[in-house]
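Remarks on the structure that follows.
Computed from the coordinates by the stated procedures, all read-outs in this text should not be read as laboratory data. Given the structure is predicted, the values throughout are model-derived calculations rather than measurements. Ideal geometry is used to build each Cβ from the backbone, glycine not excepted, and the neighbour counts take in all protein chains shown.
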2 protein chains.
Amino acid sequence: MTITEIRQRLASQHLDALIVTHNNRFLGQDILPQEHKLQHLCGFSGSAGALIISRDKAWLFVDGRYELQAAAEVDTAQIEIIHEPPYTNNLFNFLREKGLTEIAFDAWCLSVAEFENISRRYKEMRLTDVGDWLNLDTDTPVAVLSRDVRYAGQSREQKCQIVANMLWEKHADYLLLTAADSVSWLCNIYARDLPYTPIVRAYAVISLHGEVTLYGSNLQSTDVPTKSWDDLLDFLHTSAGHTILYDAHTTPQCLKQATPPETDLIKTPDICQLLKAEKNPTELQGMINCHIRDGVALCKLLCWLEQHAQGLTELDVVTKLHQFRTEQADFFSESFATIAGFGSNGAIVHYQPTPQTNKPLADGNLLLLDSGAQYLDGTTDVTRTISIGTVSDEMITDFTQVLKAHIALAHTRFPQNTAGMKLDVLARAQMWQRGLDYKHGTGHGVACFGNVHEGPQSISVGGSPYGLKPNMVVSDEPGVYKENAYGIRIENLLYTRAADLPDAPDFLEFTVLTKVPIDKRLINVYLLEQGELEWLNAYHQQVYKDIAPYLSGDEQRWLQKACSPL
Amino acid sequence: MTITEIRQRLASQHLDALIVTHNNRFLGQDILPQEHKLQHLCGFSGSAGALIISRDKAWLFVDGRYELQAAAEVDTAQIEIIHEPPYTNNLFNFLREKGLTEIAFDAWCLSVAEFENISRRYKEMRLTDVGDWLNLDTDTPVAVLSRDVRYAGQSREQKCQIVANMLWEKHADYLLLTAADSVSWLCNIYARDLPYTPIVRAYAVISLHGEVTLYGSNLQSTDVPTKSWDDLLDFLHTSAGHTILYDAHTTPQCLKQATPPETDLIKTPDICQLLKAEKNPTELQGMINCHIRDGVALCKLLCWLEQHAQGLTELDVVTKLHQFRTEQADFFSESFATIAGFGSNGAIVHYQPTPQTNKPLADGNLLLLDSGAQYLDGTTDVTRTISIGTVSDEMITDFTQVLKAHIALAHTRFPQNTAGMKLDVLARAQMWQRGLDYKHGTGHGVACFGNVHEGPQSISVGGSPYGLKPNMVVSDEPGVYKENAYGIRIENLLYTRAADLPDAPDFLEFTVLTKVPIDKRLINVYLLEQGELEWLNAYHQQVYKDIAPYLSGDEQRWLQKACSPL
């Protein structure tokens, strides 16, 4: 369907505007290129945005990351680009300003929480669920694969029993699970259709008896009973008299509409999000193990890079790193598109090299390399900034300051249940000391063989206030970005565990998962405090011990030098 | 009036319970002993609490600080002590549990904000304003004194003109000012009736033309036009058609009740609280100057204490410190009752020595000394922890850790408008590093010749989210408290100013106001990082430079030793 056809429908149905977001029914999850409604309608291919189409105008909302890209991809004679994040409130404030009140939307693509927020705050608006006018769905079958319990640590039955216990405690009959990463974790299943995230895009209903049913389209070859979307609507239609728990932030308004008032539909935070954030011993060991293999791949890359930097481009680095990773056992995919930004490209926070932007590595600047992988036993996410040739004192001072910020978080202890948002400033204040800052959170949660960004934990001022518990994985990634010059970020994954404090059993500390040397050529040791230097040397010693056995003699010599104490 | 008489009135008026709080009409300000309604009714003399009197029972709400004191002062056969802070929500949750719904209260002693909160959250409650049944007011005249502009920095007319401009911008006719510290600051007036706080307990109304009228009782000898409480009610009664700004958090519900619906009564944060938090150049210089005089008094005390500790008690130290302070120019009063807690008394956060608790100073423990003063040019608040004789390694380790926490905040830089609540963790995380914590905020705002605790700024997780601006004064006072053993706190006052960062003009840093050496006998220098050591030595060098000229030869020698570099 085209924008012109949409306008005809708006007119015939007496509607003022249609809202099209980046979402499909798996709210907030990755989508496939062929599912990209915004790209289909206007050419914009970014990973966040929203389009408002009125009868005579159209507006594309994008955040700061995508302003340049949107301007390049979109016909701005037809579509005006609005430089505001595509938050629902921004869209509806805009509609209010424009006097548009009869609003068409797809109730599969808007959460109950957002719908209720709009209904409360924009009382003059009438929202009409018009369903999916674009209908980009394909019927390509998706093979549902079983995740072995030796990776998952708990069987599906064990996990479903925990859910059943919760239902029993809450006097509920069913849990409606609409977050695909929760469903995949609960059922120990995965799929290969998304390029970076091994989740099965399905909903699930779990009964008080621990029986689970999947709902989705084109799901094949799974031993979990699987039904269609229409079956789910039927289930809800006929649920009168039952109590169903659901998470209003991931459940589409469509499902609430389908449920009769006689059903007791109760909002509850998605328990699987909370359970899977606290890694079980098998998952934690998997995360430790896969970080060693990932470290081996990265060390091989860094050694190769030092020997061959001359004449390479960003994309060469991406390709070579991919090759080293595929050689590792249990490699599944990258966990996101590798960011390899040289010089000024490194200052663009969400940069990914393309043939058009691809820079050659040249003497005297920095390569920011942010990448990660999915292995069957875990997920990685690591950023290193690498000196290419001889770099300036300013770069070294900045890098050292980022390192101080990184260590400040990595080295801290805190009482169990401290909200990660409170810890963000420990790293950030190190940058503030020199008048610097970074416009992103210090860290995010990471799944084990799932989303590389997961909640509820977060080390970010704007993040959730959920308290940190043992065995949670978070990233630690302060940075500094100097426009048109260079970018620096140092990112390790950390996990929480009981602090080594006999008198304070409730305190936690971090252990570093990532095993890759930090470029010592970029460190001004005179700017480090003794405690920071000790942290760095101990970290490098551990990296050498864990990684060296898997390297060639040449690579071992490189690593020994890279990890020698400062 | 007695509890028995109150019960008779409740019965005759068909009411279930009366709420009596610690407040008079100056909500949240200090009160005089003779105004202490709780003490009058049940003997409890603490500075925070609330009493609920039903027809057959009575409950006293006190927070953790006052549990022991309440048990000692109150007849627990008649009054049950409830160990919950006396927050309005706690009181009304309790009333709800008890099924009490016809509630008598004094609308002069409850803010509009609290009244609205109750009305919204406790819809089953019916609140009846019964006025002040206790009537403890006296007619002792209060001399209203004028604060010279050479201390205040701005004349009353200048300040009123700022208010008038704001009224004009907001299309309002009047500002109703109900916070006594705001009124005193705006009018450049003070009084001597409260023991520690030189404020005039009055309300004020400022007109669009910058004319100010005081409202209060027994106010004498001021050149500001002064009227009675009844005049204020008359003014509000006849204000129909006018627009009046007021702060719902400091304005009693009584005044809202007195205002006809035809008056446009608009909630606005008290502008004077915001203005006076950012010290003007004269106030800031006054704060700097009075901290030198206060430092001289404290250095004399510390020198004397080192020479005479043998045989002294906590109260001897309080008396001697008072004497040294009274010898300083422009001394007005202490700014709060001096806390001198030796050994286990130091572990009680709000301890004040009395003849009953007074401990002798003995070899091998710590004296926690938290005190402050009002001078005509400013206000001080300082805590030092002093080694008496030879102390344990644990005490030295703990003291050093508190010092690290203190320095972490004092030494930080941050973007202007960063909320102080975000900075709290910088100090606290230093204590966390060893599994320690403190159950109070890291810092609070301090007025210039006013309340020793002022808002809106605060370095506290539970504090206001108001951003820090230049020339604000805050305390920095981490601590550690080991029950039945000892307490440690190190407190300096700091003020904010532009950071010494040419490339980051929006960043702030702190400058230390307090000029008193930190006890080096309690520092394990091997636990300090180089940057911390440099901070300490530079601080001591500055203390010596500023204080030494005002000391005797003997005292100078003591100070030189106390301030020599580590």
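Points worth noting:
- Taking N as the residue count of the protein assembly as shown, its C-alpha radius of gyration divided by 2.2 N^0.38 Å amounts to 1.05.
- Helices meeting the span-like rule in chain A (full DSSP H runs, Cα extent of at least 24 Å along the helix axis, mean Kyte-Doolittle score of -0.5 or higher): A:281-308, A:393-410.
- Placing +1 on the Cβ of every Lys and Arg and -1 on the Cβ of every Asp and Glu, with nothing else charged, gives the range A:288-357 a dipole about its Cα centre of roughly 40 debye.
- Innermost chain A residue relative to the axis carrying A onto B, by Cβ distance in angstrom: A:E529, 2
- Calculated FRET efficiency, A:Q257 to B:E278, Cβ-Cβ distance, R0 = 45 Å: about 0.30 to the nearest 0.05.
- Positive-end ranking of B:A77, B:H322, B:P195 along the dipole of chain B, with charges on Cβ about the Cα centre, is headed by B:H322.
- Mean Cβ neighbour count within 10 Å, used as a protection proxy, ranking A:94-101, A:337-344 highest first: A:337-344, A:94-101
- Summary for B:G364: label point 7 Å along Cα→Cβ; distances to the equivalent points in the other copies, ascending, 6.9 nm.
- Phi angles of the range A:372-388 translate, via the Karplus equation with coefficients 6.51, -1.76, 1.60 and θ = phi - 60°, into HN-Hα couplings of x, 9, 9, 10, 4, 9, x, 10, 10, 7, 9, 10, 10, 10, 10, 6, 10 Hz per residue; Gly and Pro are given as x.
- Close amide H partners of A:I82, meaning residues 5 or more places away or on another chain with modelled amide H under 5 Å apart, are A:L60, A:F61, A:V62.
- Peptide B:413-425 has a mean of 4 when you count, residue by residue, the C-beta atoms of other protein chains within 10 Å of its C-beta.
- FRET efficiency for A:S552 and A:Q161, using Cβ-Cβ distance with R0 set to 51 Å, rounded to 0.05: 0.60
- Long-range amide H partners of B:F507 with built H, under 5 Å: B:Q416, B:A499
- 7 Å along Cα→Cβ, label-point gaps from A:E278 to other copies, nm, shortest first: 4.7
- Taking the centroid of alpha carbons for each part, the range B:231-257 and the range B:317-372 are 43 Å apart.
- In sequence order, calculated HN-Hα J values of the range A:14-23 (Karplus, 6.51, -1.76, 1.60; Hz; x Gly/Pro): 6, 10, 8, 7, 10, 9, 10, 9, 6, 5
- Between the beta carbons of B:N484 and B:D264, assuming R0 = 60 Å, the FRET efficiency works out to 0.55 to the nearest 0.05.
- Estimated 222 nm signal from helices in chain B, with DSSP H stretches of n ≥ 4 weighted -39500 (n - 2.57), rounded to 500: -10500 deg cm²/dmol
- Partner shielding of B:427-433 amounts to 6, given as the average count of beta-carbon atoms from other chains within 10 Å of each residue beta-carbon.
- Listed peptides A:57-70, B:14-27, B:402-415, B:162-175 by packing density, highest first (mean Cβ within 10 Å): B:402-415, B:14-27, A:57-70, B:162-175
- Inter-part distance where the range B:179-217 and the range A:288-310 are each reduced to a Cα centre, Å: 70
- Inter-copy label distances at A:R497 (7 Å, Cα→Cβ; nm, one decimal): 4.8
- A cut-off of 5 Å between modelled amide H atoms, ignoring neighbours fewer than 5 places along the same chain, links A:K227 with A:L214, A:Y215, A:G216.
- Karplus 3J(HN,Hα) series, Hz, for the range B:499-516 with 6.51 cos²θ - 1.76 cosθ + 1.60 (x for Gly, Pro): 5, 7, 9, x, 8, 10, x, 8, 8, 10, 9, 9, 10, 7, 8, 5, 10, 9
- Anisotropy class of the range B:438-546 from Cα gyration tensor, a/c 1.5 cut: oblate
- Placing a label point 7 Å from the Cα of A:E306 along the Cα-to-Cβ direction, the residues of the range A:380-403 whose backbone N falls under 16 Å of that point are A:384-391.
- Rounded if a/c under 1.5, otherwise prolate or oblate - the range A:301-419, Cα gyration tensor axes: oblate
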